[in-house]
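Peer 1: Following this message is one structure expressed as structure tokens.
The values are calculated or read from the model by the stated rules, or taken from the named source; none is laboratory data. All of these numbers come straight from a predicted model, not from anything done at the bench. Cβ sites come from the backbone with ideal geometry, for glycine too, and all protein chains shown count toward neighbours.
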Amino acid sequence: MLDALDDVLTAWDKVAALPAADMPAPELLVALERMERLRRLMPAVEHTVLTQLQSQTTPIAVGAKSWRAVLTHRLGISGADAGQRLTEAAELGPRHAITGETLPPALPTTAAAQARGEIGTDHVAVIRSFMNHLPAAVDAETREHAEAQLGGLAGGLSPEGLRKLAQQLMAMINQDGTLDDERDQARKRGITLGPQQVDGMSKVTGWVDPEMRAALDATNAKLAAPGYCNPDDETPCVDGTPTESQVTNDTRSAAQRTHDALKTVCMAMLSSGQLGQHNGLPVTIVATTTLEQLTSAAGLAHTGGGSYLPIPTLIRMAAHANPYLTVFESPREIKLYHGRSRRTASPGQRLALFAIDRGCTKPDCTGAAYHSQVHHASRDFAHGGNTDINELTLACGCDNRMVNDGPAGWTTRKRRRDNRTEWIPPPHLDRGQTRANYHHHPEELLCREARYPADSLVDGADRVDSSG
């Protein structure tokens, strides 16, 4: 297969080198048609390769926490792309029974049409979405028949036309709308907090189940009513009854009142003290900033969740709380160096790492500090490492477990120049990629030295191609 793939790449180089300027329009259309068929044929072979790879080994054996991580590290593709390829391979690639025998794909008609180059990824997405949204009560025979109908007709339709046909078929299967049940509600439920935008705002999307909706209706009936939880009031009304002026002066929209009500509920839970601890610290908002930003009341503070808080907002929040203030001036005086006297990090060390690393230090990982563990970066404690702040780093649980001395293990080390943590991948996943994570430190990308970390490795022999 590798030899054949080399032949394909050689042939493609020949195609790419040929001029298209002298071709008439009809031939250019034929060329585009054949390129589209090639584009459609590739995933079918990829599905087979992926399923075979997964049947032979495990992601941990090649040095990754999941198959999604294997593909992102080795192929240099996004996590979303890797996840989609794996999901499609599971539904459109060959399967294997427990006894080892080969089984047909979960969507056999769709897989066959894709293998013939008749349908593309958009067609596949429509059929997969249709199958995923079929109510759980639909029997297996009806499911198989519906997939066969859509897969057989897809090649003669555009993705838009196929989507309309799928909607009609869904309406025919669930004519009276009685097939939905609690299993479908449980499958559909979910709330997604989108990435924080430049203005600090984050978009919330999702679906809530009937129980969650009932709870929201009950709390919003009071807290989202005019006059309640208004941040513009000097003393916002949370319990009791708002004054007449608080009600009449409330100019917020219904959506804004709902937002403020939910924020009040969240802040009340944080202030209640009933959430216990997480990773050795009380469940609270942890924000790090500089003394210069605090005194000037300008700039942005970094939270343990990986988000940003404007300094004026941080000061206002601290005025209504009991803040745990730690100023790092002389770290040796505030017990950040414990040597061999303790194995686990102290709360002071964890808070310091919140400020130093801000989140998981493994490249491409966006895990926030709240969800990270403290890891001995240079040398594991069991092998003589010290629990000193200059030897510790943050790593999310999944990445932390990938560090070991085995052939598929990752290794970590501290960079001498700036004490940044570097992650060295195992041979199977090493393509010369970046060793340090700058996701939590975008300001360092403005510095040339930070963009070329190979210039400051502890061991100059392990230089990395800076283009990675």
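Peer 1: Any residue in the range 364-385 that's under 23 Å from Arg68 (Cβ atoms): show its pairings with residues that are modelled with pLDDT under 90 and among the aromatic types (Phe, Trp, Tyr) at Cβ separation under 8 Å, as long as the two are six or more apart or on different chains.
Peer 2: Ala369/Phe354
Peer 1: Check Gly117, Gly155 and return the single one that is touching a Lys or Arg at 6+ places or on another chain (Cβ under 6 Å), outside the structural domain of Val265 (by TED's automatic domain parsing), modelled with pLDDT of 90 or more and not β-branched (Val, Ile, Thr).
Peer 2: Working: Gly155 fails: touching a Lys or Arg at 6+ places or on another chain (Cβ under 6 Å).
Result: Gly117 is the single residue among Gly117, Gly155 that is touching a Lys or Arg at 6+ places or on another chain (Cβ under 6 Å), outside the structural domain of Val265 (by TED's automatic domain parsing), modelled with pLDDT of 90 or more and not β-branched (Val, Ile, Thr).
Peer 1: Separate question: When Thr344 is evaluated against the numbered criteria (1) at pLDDT below 85; (2) under 24 Å from Arg379 (Cβ atoms), which criterion, by number, is the only one it fails?
Peer 2: The single condition Thr344 does not satisfy is (1).
Peer 1: Residues that are in contact (Cβ under 8 Å) with a residue 40 or more places away in the chain and in a helix (DSSP H, G or I): does the range 234-247 have at least one?
Peer 2: For the range 234-247, residues in contact (Cβ under 8 Å) with a residue 40 or more places away in the chain and in a helix (DSSP H, G or I): absent.
Peer 1: Examine the range 332-340 for a residue that is assigned to a strand (DSSP E or B) and either farther than 19 Å from Thr421 by Cα or modelled with pLDDT under 90 (or both), and state whether such a residue exists.
Peer 2: yes
Peer 1: While we're looking at this one, here's another question. Would it be correct to say that Gly76 is in contact (Cβ under 8 Å) with a residue 40 or more places away in the chain and surrounded by 16 or more Cβ atoms within 10 Å (Cβ to Cβ)?
Peer 2: Working: in contact (Cβ under 8 Å) with a residue 40 or more places away in the chain: yes; surrounded by 16 or more Cβ atoms within 10 Å (Cβ to Cβ): no.
So Gly76 does not fit the description; no.
Peer 1: Can I ask one more? Does Gly63 satisfy the criteria of being within 30 Å of Pro407 (Cβ to Cβ), touching a strand residue (DSSP E or B) at 6+ places or on another chain (Cβ under 8 Å) and in the same structural domain as Pro105 (by TED's automatic domain parsing)?
Peer 2: Working: within 30 Å of Pro407 (Cβ to Cβ): yes; touching a strand residue (DSSP E or B) at 6+ places or on another chain (Cβ under 8 Å): yes; in the same structural domain as Pro105 (by TED's automatic domain parsing): yes.
When the stated conditions are applied, Gly63 passes them.
Peer 1: Might you check whether a residue that is outside the structural domain of Ala369 (by TED's automatic domain parsing) and under 24 Å from the mean Cα position of the chain (by Cα) occurs anywhere in the range 235-258?
Peer 2: No: the range 235-258 contains no residue that is outside the structural domain of Ala369 (by TED's automatic domain parsing) and under 24 Å from the mean Cα position of the chain (by Cα).
Peer 1: Checking the conditions here, which among Val124, Val70, Val62 is surrounded by 15 or more Cβ atoms within 10 Å (Cβ to Cβ), touching a His at 6+ places or on another chain (Cβ under 6 Å) and in contact (Cβ under 8 Å) with a residue 12 or more places away in the chain?
Peer 2: Numbers: Val124 fails: touching a His at 6+ places or on another chain (Cβ under 6 Å); Val70 fails: touching a His at 6+ places or on another chain (Cβ under 6 Å).
Every option except Val62 fails the conditions.
Peer 1: I need the full set of residues from the range 12-48 which are closer than 18 Å to Ser158 by Cα and either outside any helix (DSSP H, G or I) or of a type in the set (Lys, Arg) (or both), in order please.
Peer 2: Arg34, Arg37, Arg39, Arg40
Peer 1: On to the next question. Can you tell me which condition Ala268 does not meet? The list is (1) part of a strand (DSSP E or B); (2) closer than 30 Å to Gln246 by Cβ; (3) not hydroxyl-bearing (Ser, Thr, Tyr), and all the others hold.
Peer 2: All conditions are met except number (1).
Peer 1: Right, something else. From (1) in contact with a Gly (Cβ under 9 Å, 6 or more places away or on another chain); (2) surrounded by fewer than 16 Cβ atoms within 10 Å (Cβ to Cβ); (3) over 21 Å from Trp207 (Cα atoms), pick out the condition that doesn't hold for Pro104.
Peer 2: Unmet for Pro104, out of (1) in contact with a Gly (Cβ under 9 Å, 6 or more places away or on another chain); (2) surrounded by fewer than 16 Cβ atoms within 10 Å (Cβ to Cβ); (3) over 21 Å from Trp207 (Cα atoms): (1).
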